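Please read the structure below before turning to the comments.
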Amino acid sequence: MALKLDLSKAYDRVDWHFLRAMMSRMGFSDKWIRLIYGCLSSVTYHIVSSGHTVGPIIPSRGLRQGDPISPYLFLICAEGLSALIQRYEERKLIHGYKVANGAPIVSHMLFADDSFLYYRATEREVANIQHMLEVFANASGQGVNFENPLFFHSIGRNKTAAFSYVVDKVQKRIQTWDTKFLSRAGKEILIKAVKSAMCGFWWKSNNSKGIHWLSWDKLAAHKFDGAKQGWMLLVCGDNLASKIFKARYFPNGTFLTATLGSNPSYIWRSVLESQTLVRAGARRLVGDGSRIGILHEPWLMDDSNPFIETSNPSLHGRMVNSLMKVDKLEWDSEVISNVLNDRDKELVWRIPLSAARLRDDWYWLKDSKGMFTVKSAYRI
């Protein structure tokens with residue numbers, strides 16, 4: 001089961017004492033904590049009504065909306081919730097979810113004041129979740145709305161059910177327009193005006209209304225068919241998304257060798273469409289060669305075909321460092337001559353080795369800095 005938390009007026013309810021305690025626990029210096037607390041507690045408000053001033057009103061909690069540091073302070077409070085969830089996990093009071101064997105267990109994801117929790121759909125864990133949220137609310141000042149939670153459970157491939165809350169949200173917004181007592185023609189004009197405003201905002205330049213160069217159908221298409229996400233799955237192996245997709249779809253390879261697999265998600269289908277494009281520009285940068293497979297990885301300096309063509313059985317499952325001298329960052333001429341064909345030998349000799357670069361990495365062939373860019377992907 002997945003639960004989307006509804007925090008009531010999250011910024012306004014932050015307890016300053018809880019924030020101080022969190023900052024102290026996270027290792028901030030006492031001087032810095034005092035400075036932050038002084039900024040929070042020095043604010044006062046006055047209300048002017050009919051020429052009369054009421055105040056000063058001195059708040060005792062809350063973060064100021066629009067203050068550049070407020071989002072960061074709120075994240076410190078959210079870290080308290082994250083730590084509490086981890087404590088409940090350690091005590092086996094709640095259990096997160098993993099999409100496949102070898103995938104990391106995910107119990108929660110926090111996006112500023114939006115929070116998602118994942119746990120077993122049992123009465124016991126629901127009770128534990130509710131108790132945990134009450135503990136957090138009492139400590140932090142946050143108000144968790146238990147009346148209108150958003151649940152997802154065992155929805156399978158039914159995208160209509162999964163995203164029904166988006167439709168409901170739009171419908172509620174549209175229903176508020178009915179209070180304006182608009183006729184059917186008036187409603188049509190309002191809808192067209194909203195659409196026109198969106199297009200105008202997109203195309204408008206500094207001193208003109210702008211020309212609409214493309215139709216909405218083309219504007220709404222996916223940018224380069226998910227290539228940026230494919231590149232991220234290839235090079236950012238340590239982040240949560242990459243670990244989950246790897247465990248689910250390519251546990252024994254990389255994004256470049258991945259297949260559609262059984263029962264793929266809609267997202268995976270979309271990202272995999274970019275595999276050919278990513279393969280055209282992705283290359284391995286040889287460091288010590290310990291993390292690059294000799295076969296099936298693009299590490300040769302050949303734009304048209306960066307893969308080893310030699311079909312020697314001794315190369316299967318071996319890393320590039322097998323072609324180097326033992327305990328030395330030098331190519332082993334004897335080994336290379338014995339196992340590689342003439343074409344592959346020539347390309348391997350062209351690859352420079354340096355003690356200043358020991359890490360095997362990825363780079364993007366079509367950019368001078370070796371980094372993936374939208375512009376270079378469009379060129380391809």
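The values are calculated or read from the model by the stated rules, or taken from the named source; none is laboratory data. Values in this document were obtained by computation on a predicted structure and should not be read as measured data. Virtual Cβ from ideal backbone geometry, glycine too; neighbours counted across all protein chains shown. For accessibility, only protein heavy atoms count, side chains too; no ligands or nucleic acids. Shrake-Rupley method; radii C 1.70, N 1.55, O 1.52, S 1.80 Å.
Summary table below
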| quantity | calculated |
| --- | --- |
| Of LYS4/LYS228; LYS4/LYS92; LYS31/LYS98, pairs whose Cα-Cα distance is over 30 Å | LYS31/LYS98 |
| Peptides 309-315, 269-275, 47-53 ordered by average Cβ neighbours within 10 Å, highest first | 269-275, 309-315, 47-53 |
| Of all accessible heavy-atom area on the chain, the percent that carbon and sulfur account for (1.4 Å) | 55 |
| Region 1-83 - Debye-derived log10 I(q)/I(0), Cα point model, q = 0.18 Å⁻¹ | -0.83 |
| Estimated [θ] at 222 nm from DSSP helical runs (n ≥ 4, -39500 (n - 2.57)) normalised by residues in the chain, nearest 500 | -12000 deg cm²/dmol |
| For region 20-35, 3J(HN,Hα) per residue [Karplus equation, 6.51 cos²θ - 1.76 cosθ + 1.60, θ = phi - 60°, Hz, x = Gly/Pro] | 4, 5, 5, 5, 5, 5, 7, x, 5, 5, 4, 4, 5, 4, 5, 4 |
| Cα-derived Rg over Rh, computed across the chain with Rh taken as Kirkwood radius | 1.06 |
| Residue-span extension gain [ASP238 to TYR97] - 0.36 nm each, minus C-alpha spacing | 48.9 nm |
| Length gained when the stretch LYS31-VAL335 is fully extended (0.36 nm per residue, less Cα-Cα span) | 103.3 nm |
